[in-house]
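Here's the structure we're looking at; comments come further down.
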Amino acid sequence: PDCGHPLRGLHREYHKKEVRFMLENNPVLDAIRSRRSIRKYTGEPIAEPVRRAILEAGFYAPSAMNRRPFHFVSITDRELMQKLSDLHPYAKMLPQADWAIIVCGDESVSGPFYMDDCAAATQNILLAAHSLGVGAVWRGVDHTERQQSFGELLGLPEHIKAYSLIVLGMPTEEKETL
């Protein structure tokens, strides 16, 4: 059945040349191919509408059985960003960034599937940031002492688990695509 997507039946309706053109000139695929982890920032603030769009992208992530267990903690407080940097050995760029998002999952909603759901939300946020000219890097919050330390610092309830730390800022570096 036709689901109404404009590319449905692409292999039947278009010639190979047209398919190649669509694949080579696809903004979604271009964003996926060109996104890189950015760790150096100008210190310039990210505009509020851009922040909202990036967070909204996270909410559009798929989730197991559509349970949507993710929560996002938006952080701009410099002192809190420094404390998070002190807790995470691979987040030393955080104090120079403008913004951080902690992607969290609710274990009571989807059990261990919250990790898969949070990974999808994290990727959506990274791609949205890239598409809007914002540099970002994903820092994992593993399921040991670091996750517990983040939860305590942020005052998270026991069933809400920090999954990832996304560091965002206006980039000073540009990296080559693969």
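Brief remarks follow.
- Exclusive hit being open to solvent by 20 Å² or more (accessible area, probe 1.4 Å) and in a loop (DSSP other than H, G, I, E, B), set ASP142, ASP116: ASP142
- Residue check for LEU126: among the aliphatic types (A, V, I, L, M) and assigned to a helix (DSSP H, G or I): yes
- Those residues of segment 145-178 which are touching a Ser or Thr at 6+ places or on another chain (Cβ under 7 Å), part of a loop (DSSP other than H, G, I, E, B) and surrounded by 17 or more Cβ atoms within 10 Å (Cβ to Cβ), in sequence order: MET170
- Taken over segment 69-109, the criterion of being more than 15 Å from the chain's Cα centre (by Cα), touching a residue at least 12 places away in the same chain (Cβ under 8 Å) and open to solvent by 30 Å² or more (accessible area, probe 1.4 Å) is satisfied by THR76, ARG78, LEU80, GLN82, LYS83, LEU87, TYR90, PRO95, GLN96, GLU107, SER108, VAL109.
- Looking at segment 13-112, the helices (runs of 4 or more DSSP H) lying wholly inside it that each contain 2 or more residues that are under 23 Å from HIS159 (Cβ atoms) sit at 48-59, 78-87, 107-110.
The values are calculated or read from the model by the stated rules, or taken from the named source; none is laboratory data. Since we're looking at a predicted model, the values are computed, not measured. Every residue, glycine among them, receives a Cβ derived from its backbone with ideal geometry; neighbour counts consider all protein chains shown. The accessibility values were calculated without ligands, DNA or RNA, using every heavy atom of the protein model including side chains. Shrake-Rupley method; radii C 1.70, N 1.55, O 1.52, S 1.80 Å.
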